[in-house]
Each structure stands twice: as structure tokens, then as C-alpha cells.
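Everything on this sheet refers to the single structure shown next.
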Amino acid sequence: MSSVFCLLASVLAAIFGGPWKPQDDFRPDAAARMPSAEAARFLEAVPVWPAGQESAENALFGFRADFVAGKGDRPVLRIAATTFYRVYVNGVFVGHGPVRAAHGFFRTDEWPLDAVVREGTNAVAVDVRRYGMRTQNCAGLQPGFLLAEVAAGERVLAATGRDFTCVRLPLLPNAGRFTPQRAPIEVYRLASDW
């Protein structure tokens with residue numbers, strides 16, 4: 001066992017240039033590559049959720065906004081949401097999230113929209129699902145919310161609290177669960193014009 005430890009220590013010393021210490025993991029060059037808090041700040045968006053639905057179980061809401069992109073704009077969607085979301089721009093699936101975080105903390109995802117946005121009027125749609133129950137992959141008892149904005153540089157093209165409308169999507173609220181560790185089964189029907 002001690003020979004394995006000595007071999008591991010030698011390898012680490014060769015890689016890191018000396019005896020390894022835990023604080024060596026936090027090198028300045030590694031921190032410089034990490035995204036800054038400034039890059040993820042919201043300029044105008046405020047958290048929204050339908051009144052009286054903050055603690056609804058197995059709820060699915062659709063949020064939608066139109067925005068105008070100019071020639072040469074490089075729009076980015078910044079988004080944070082409860083439990084689970086899916087994003088579509090002009091009917092094209094962009095991504096889903098959110099990135100997981102500890103209870104009471106929410107991370108901001110950024111989606112570049114260059115590939116799906118065209119000059120002129122565009123539509124962004126976000127399905128946000130709130131489980132409202134504990135599951136293996138989320139602490140679902142947090143209140144529901146969506147915080148989102150589409151921005152091109154410092155210019156906000158669409159923001160929650162200003163441009164987004166909301167509808168409750170037809171999700172069967174009392175769908176079954178395979179196990180207590182899993183979320184309820186998704187059972188819903190979307191209209192073709194959503």
C-alpha cells in the first residue's frame with residue numbers, strides 16, 4: 001500500500017512540479033477560465049410565476065415572448081428556472097436545464113441564439129415544469145419561478161416581467177410515478193400553434 005502511495009505522490013510531483021498540497025488545485029490560470037458573475041447578470045428580467053401557483057404540484061407552464069433582432073445582433077438567452085425547463089426559438093429546440101445547484105440556489109444558463117435567430121421578429125418559448133415534490137434529482141419543494149431575458153450586448157430584446165406571456169400547459173397533474181425517487185410521468189398534449 002505504501003508503495004502505491006509513493007508512486008502516486010511521485011506522479012503528482014512530476015505533474016505539478018513539486019510536493020502536492022490541496023491548495024494547489026486553485027491555480028490563478030484555472031480561475032481565469034471560469035465564467036464571471038458579470039457575464040451571467042440579468043439586465044432587466046425579474047422572476048415571474050403565475051399568482052397562486054408557486055406551490056402547485058406537477059405543474060407545466062408555457063412562457064412566450066416575441067422580440068426583434070437587428071442585422072448583426074448576436075442574441076443570448078440568460079435563464080434560471082425552477083425544477084426543469086425547455087427552450088425553443090422560432091420553433092427550434094435550443095436546450096434544457098437548469099444546471100443543478102444546492103437547495104435555495106439557482107444557476108444561470110446562457111444559450112447563444114445565433115443559429116436560430118433571424119433578422120426581424122423572432123419568438124422564444126419556454127416550458128417550465130415544477131414538480132413540487134422531492135425527487136432523486138431535485139429538491140422540488142422550492143417555489144416555482146422563471147427568470148429569463150434575451151439580450152444583444154447591453155440591449156435587452158425580451159425580459160420576464162415585461163414581455164413574456166404565460167399559459168398553463170395541459171399536463172395531467174396527477175400522473176403516476178414509477179418510484180418516489182422519480183418525478184411524475186409527463187402526460188400532456190400541446191396545441192400545434194403554441
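Highest mean packing comes first when the peptides 45-52, 150-157 are listed by Cβ atoms within 10 Å, giving 150-157, 45-52. Around the amide H of L169, modelled in the peptide plane, lie the amide H atoms of L60, F61, G62, all under 5 Å away and 5 or more residues distant in sequence or on another chain.
Peptide packing for 67-74, 105-112, 83-90 was compared via the average number of neighbouring C-beta atoms within 10 Å per residue; ordered from the highest value, the list is 83-90, 105-112, 67-74.
Quick note: the coordinates plus some simple rules give every number you see, no bench work behind them. All of these numbers come straight from a predicted model, not from anything done at the bench. Ideal geometry is used to build each Cβ from the backbone, glycine not excepted, and the neighbour counts take in all protein chains shown.
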